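Peer 1: Sending over a structure as structure tokens; questions will come in a sec.
The values are calculated or read from the model by the stated rules, or taken from the named source; none is laboratory data. Since this is a predicted model, take the numbers as computed values, not measurements. We place every Cβ from the backbone using ideal geometry, glycine too, and count neighbours over all the protein chains shown.
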Amino acid sequence: MRLRPGNSRDVATFARLINAQSQWLRSEDLWDEDELAAILISATGEPPDNDRYLEVGGETVAAVHVHMSEPFAKGTIHLALPPGPERAEHARTLLDAAARIVQSSPYTATDTALQMDVAREDTELLGILDELGFLVVQKETILEGEIFDAPAPAWPSDVDVSTLSVTRDLRDGYEVIREAFVPKLGGWHLSWDDYEYSVQNDPTALPGISIIVRDAEGPLAIALNFMDTTKASTGLTGLLGVRERRRSQGLGRALLLESFDRFRSRGWSHARLATVLGMDVDDDNYRLYTGVSMRPLFDNLVLARSRK
């Protein structure tokens with residue numbers, strides 16, 4: 001068994017491994033290869049991302065990818081770990097490699113954390129992480145709904161709704177994101193580098209489907225939308241944010257319904273999104289989403305551990 005660093009030629013290998021894992025757990029692929037190349041393996045700024053590949057008998061059997069971005073409070077781990085008799089041993093080897101990657105980075109502090117999402121169905125990996133001192137900090141729920149009969153959005157009269165322009169609107173969009181998603185451990189944060197790179201380079205970020213909303217005070221809300229690669233004819237709302245000054249006024253619902261309308265214009269029949277909430281949130285608390293006919297589909301558990 002040997003570990004080796006990855007390179008750009010390994011994108012297909014990582015996609016094969018992580019999709020084999022996802023097919024085993026949920027009977028669907030997780031990543032399209034081109035999408036993976038754009039937003040997971042490729043560097044999105046300083047410092048560069050890192051990945052390691054585990055070989056047994058000359059065959060690559062598992063891999064780990066560690067992503068770090070400002071404010072460098074955590075290293076996010078992605079394991080590509082298909083089923084197999086040595087899966088537990090492979091997991092421990094790759095998690096140790098991920099910890100060393102974070103530890104060796106000149107950008108991290110002594111309290112920088114390791115964090116990863118794990119499918120709730122993956123009880124073996126959850127048990128290993130528990131043994132290694134990882135704690136569950138949040139629950140991420142993936143929701144899905146049919147959008148054939150979704151109603152038209154109802155917008156307040158004082159807002160302007162437009163298609164997000166890569167050339168004109170990136171800064172305004174990030175102004176909303178920065179307020180809506182505070183960078184803290186256990187929370188969800190998107191750095192400027194990751195945001196800019198994803199919108200400009202992700203092949204599933206199709207033109208015309210992302211939305212920005214403004215009022216007289218400036219940028220107000222955003223929906224970053226993508227083509228979902230896990231299910232045919234499906235749109236993905238990857239990010240939905242509304243600034244605090246106009247929350248609880250129906251803007252989140254209107255953004256979702258506007259997104260659904262844009263998905264339908266491409267002939268898509270379904271929509272998905274992921275939302276991160278506390279562990280004590282049950283299905284009845286997803287009112288914004290159930291109100292537009294979306295239902296919980298899968299749960300991921302978000303786990304974290306300090307590297308100290």
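Peer 1: Would you call Leu277 more than 17 Å from Leu30 (Cα to Cα), touching a helix residue (DSSP H, G or I) at 6+ places or on another chain (Cβ under 8 Å), at pLDDT below 75 and among the hydrophobic types (A, V, I, L, M, F, W, C)?
Peer 2: Criteria met by Leu277.
Peer 1: Quick check on my filter: what residues within segment 102-140 are polar (S, T, N, Q), touching a residue at least 40 places away in the same chain (Cβ under 8 Å), in the same structural domain as Glu70 (by TED's automatic domain parsing) and out of contact with any Lys or Arg (no Cβ under 7 Å at 6 or more places or on another chain)?
Peer 2: Hits for segment 102-140 are Ser105, Thr108.
Peer 1: Looking at segment 70-94, which of its residues are within 20 Å of Thr13 (Cβ to Cβ) and either more than 23 Å from the chain's Cα centre (by Cα) or loosely packed, with under 15 Cβ neighbours inside 10 Å (or both)?
Peer 2: Pro83, Gly84, Glu86, Arg87, Glu89, His90, Thr93
Peer 1: Next question, about the same structure. Search segment 257-273 for residues that are without any contact (Cβ under 8 Å) to a residue 12 or more places away in the chain and pair each with any residue that is not in a helix (DSSP H, G or I) when their beta-carbon atoms are under 6 Å apart and the residues are at least 6 apart or on different chains.
Peer 2: The qualifying pairs do not exist here.
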